[in-house]
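The values are calculated or read from the model by the stated rules, or taken from the named source; none is laboratory data. If you're wondering where the values come from, they're calculated on a predicted model, not measured in any experiment. For neighbour counting, all protein chains shown are included, and Cβ atoms are generated from backbone atoms with ideal geometry for every residue, glycine included.
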Amino acid sequence: MAREHLLIKKRCYDETIVRKNIGTIDRVVRVALGLVALIAIFFVSSTVLKVVLVLLGIFSITEALLSRCVVYALLGRNTCPIE
């Protein structure tokens, strides 16, 4: 019974969180936007805007490197050609 429960949890985890859902073009765009956001911190004076840009840049680059997008997963969208 416990093993069966673990298998169900593992399968759900594999299908919803771990599956790649970002394709190559999408990844390149995210890296580019992330880098632009990180470079932009040197040209703004507002501390709050700097923090937002750093978080946005790191988040975008991380998603691109992992090929996973939480928003795409929630919306059921997939731009990755590999299943």
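Screening 70, 54 for residues that are β-branched (Val, Ile, Thr) and exposed (fewer than 13 other Cβ atoms within 10 Å of the Cβ) leaves exactly one candidate, 70.
Is there a residue being of a type in the set (A, V, I, L, M), assigned to a helix (DSSP H, G or I) and modelled with pLDDT of 80 or more anywhere in the range 3-14? No - not one qualifying residue is present in the range 3-14.
Of the helices (runs of 4 or more DSSP H) entirely within the range 15-83, those holding at least 2 residues that are of a type outside the set (A, V, I, L, M, F, W, C) occupy 24-40, 47-66. On the basis of being at pLDDT 95 or above, among the charged types (D, E, K, R) and over 21 Å from residue 72 (Cβ atoms), does residue 50 make the cut? So residue 50 passes the test.
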